[in-house]
1. Could you grab the pairs with beta carbons closer than 8 Å, sequence gap of 6+ or different chains, first residue in segment 45-65 and more than 14 Å from Tyr7 (Cα to Cα) and modelled with pLDDT of 95 or more, second one basic (Lys, Arg) and surrounded by 14 or more Cβ atoms within 10 Å (Cβ to Cβ)?
2. Give just the number: which of (1) at pLDDT 90 or above; (2) out of contact with any strand residue (DSSP E or B) (no Cβ under 9 Å at 6 or more places or on another chain) does Glu113 not satisfy?
3. I'd like the full set of residues that are β-branched (Val, Ile, Thr) and outside any loop (DSSP other than H, G, I, E, B), limited to segment 78-115.
4. Output the residues belonging to segment 1-43 that are in a loop (DSSP other than H, G, I, E, B) and under 17 Å from the mean Cα position of the chain (by Cα).
5. With respect to Thr24, is the statement that it is among the hydroxyl-bearing types (Ser, Thr, Tyr) and without any contact (Cβ under 8 Å) to a residue 12 or more places away in the chain true?
6. May I ask you to list the residues in segment 121-139 that are surrounded by 14 or more Cβ atoms within 10 Å (Cβ to Cβ) and more than 18 Å from Ile69 (Cα to Cα)?
7. Please go through segment 1-34 and give me each residue that is surrounded by fewer than 11 Cβ atoms within 10 Å (Cβ to Cβ) and closer than 18 Å to Asp109 by Cα, ordered by number.
Amino acid sequence: MNYLSQYTLPFSGLSEGKHQFDFTVNDRFFAEFETSEVEKGELKVQVELEKRSTYLSLSFSISGVVELICDRCLENFIYPVESHRKLLVKFSEKPVEDEAELIYLHPNDFQVEIAQFIYEFVILSLPIRRVHPDGENGKSLCDPVMIRKLEELRYHGNNLEEPDDPRWNELRKIIGN
């Protein structure tokens, strides 16, 4: 059995109205995504499915923690995740390309697979630059040995005049005009 099949919402037998579903996301979940940026995490996912005669509305609430690699010191750290997203599901007999917050299913479909959406919502909630948070004293919690090494290797520039490359002289004349 496919592990991600448990992240499916069967809606065909449900009455119109709101229905609540709870899921747990863990390391095994992230392992199912080949090039996942996250390998470890513990998250709770609540999905509120609102069923109407012509559409479904899905509201996702995701909270928990994931383990990330610090971009500065390359050490792992725990990052809290809190995400609230909505997804609208419409039905169409013709194949229609999905949009950002809108997907289409065939009218004969009886369930919607949400594992990919959960994964994407978690990834979208992560910062672009992933560094250790600052501690209570305002100092970085990064590995101090790595920070010292980075400071040693940091380029501080030099005060030597670099010889002028004559190939740039003609271009400088144009810029000056």
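1. Qualifying pairs under 8 Å: Ser59/Arg85.
2. Result: Glu113 passes all but (2).
3. Initial filter on segment 78-115 (β-branched (Val, Ile, Thr)): 78, 81, 89, 96, 103, 112, 114.
Scanning segment 78-115 gives Ile78, Val81, Val89, Ile103, Val112.
4. Asn26, Glu32, Phe33, Glu34, Thr35, Ser36, Glu37, Val38, Glu39
5. Considered against the rule, which asks whether it is among the hydroxyl-bearing types (Ser, Thr, Tyr) and without any contact (Cβ under 8 Å) to a residue 12 or more places away in the chain, Thr24 comes out as no.
6. Residue satisfying the conditions is Phe121 alone.
7. Within segment 1-34, Ser5, Ser12, Gly13, Ser15, Glu16 qualify.
Yes/no per residue for (1) at negative phi; (2) polar (S, T, N, Q); (3) out of contact with any helix residue (DSSP H, G or I) (no Cβ under 6 Å at 6 or more places or on another chain):
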residue	(1), (2), (3)
Phe11	yes, no, yes
Ser15	yes, yes, yes
Gln20	yes, yes, yes
Phe23	yes, no, yes
Ala31	yes, no, yes
Val38	yes, no, no
Glu48	yes, no, yes
Arg52	yes, no, yes
Val65	yes, no, yes
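The values are calculated or read from the model by the stated rules, or taken from the named source; none is laboratory data. Small disclaimer: the values here were computed from a predicted structure and weren't measured. With ideal geometry, Cβ positions are generated from the backbone for all residues, glycine too; neighbour counts draw on all protein chains shown.
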